[in-house]
1. Pick out, in residue order, every one of the GluC sites (Glu not before Pro) in the stretch 51-88 that is DSSP loop and has at most 11 other C-beta atoms within 10 Å; say none if there are none.
2. What trypsin sites (Lys or Arg not before Pro) does the stretch 14-93 have in DSSP loop regions with at most 12 other beta carbons within 10 Å?
3. Please list, ordered by chain and number, the residues whose modelled amide H lies under 5 Å from the amide H of Tyr72; skip anything fewer than 5 residues away on the same chain.
4. 7 Å from Cα along Cα→Cβ at both Glu87 and Val73: what's the point-to-point distance in nm?
Amino acid sequence: MVKVQGSKASEKSQAPGPVERTVLKVPPRQHEPRDVIEISVAAKLAATLRELPEVRKDLVARVRAEIQNGTYVTEEKLEIALDKLMEELLPDL
């Protein structure tokens, strides 16, 4: 056994003084890292084109022939087109 003695036999040991604590504050992250996806204009156009219905080649051929023959534009078709245009421009009427 080891024996430790002070300079005076009557000295009592003293408790240590208050402990000074240092708290480090870490600033909060401004922005959490996240993945970012950028889609080009060409990719958006390609996606839009994929969503379009298929071209009806038979209808296109018939309309082209009617235009060449001068029979495509009729009074009935003009009336329908004007009605649709008015509905788009003035939907509340």
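1. Values: sites: Glu51, Glu54, Glu66, Glu75, Glu76, Glu79, Glu87, Glu88; in loops: Glu54.
Here the sparse-neighbourhood loop sites are Glu54.
2. Arg21, Lys25, Arg29, Arg34, Arg56
3. The answer is Ile67.
4. My value for the distance between the label points is 2.3 nm.
Each value in this text was obtained by applying a stated rule to the coordinates, not by laboratory testing. Quick caveat: nothing in here was measured; it's all calculated off a predicted structure. Cβ coordinates were reconstructed from backbone atoms using ideal geometry, including for glycine residues, and neighbour counts include every protein chain displayed.
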